[in-house]
Amino acid sequence: MEIRNFDQFFRDNPIPIWVYDPEDYSIQKVNQAMADSHGYSREEMLSFTLFSDFPGAPEGEHILVLTGE
C-alpha cells in the first residue's frame with residue numbers, strides 16, 4: 001500500500017494516533033479515532049499534554065517517552 005496523502009491516512013486511520021511536540025509534550029495533532037477512544041473532542045485534546053490525566057483511559061494505560069539522549 002502506497003501512502004500518497006499522509007493527512008488523509010492520519011485523519012481516516014481507525015488506529016488512535018496523536019502527534020506531540022517533544023519540547024513541551026503538548027499534543028499538536030489528534031485523529032478522530034484517538035479522540036473517540038478517550039471521549040474528548042479533537043479540539044479538547046489539543047489543549048492537553050502527554051502527561052494530562054485522561055478519564056476513561058484503559059486501566060494501566062501509560063505513555064512511554066523515549067529520547068535519543
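The values are calculated or read from the model by the stated rules, or taken from the named source; none is laboratory data. Owing to the predicted nature of the structure, the values given are computational and were not obtained by experimental measurement. The accessibility values were calculated without ligands, DNA or RNA, using every heavy atom of the protein model including side chains. Shrake-Rupley method; radii C 1.70, N 1.55, O 1.52, S 1.80 Å.
Points worth noting:
- Close amide H pairs (under 5 Å, H built 1.01 Å from N) link residue 29 with 19, residues at least 5 positions away or on another chain.
- J(HN,Hα) series, segment 40-48, from Karplus relation 6.51 cos²θ - 1.76 cosθ + 1.60, nearest Hz, glycine and proline x: 10, 7, 4, 4, 4, 5, 5, 8, 9
- Ranking 19, 30 by solvent-accessible area of protein heavy atoms (1.4 Å probe, all protein chains present), from largest to smallest, gives 19, 30.
- Rounded accessible area of residue 21 (nearest 10 Å², 1.4 Å probe): 50 Å²
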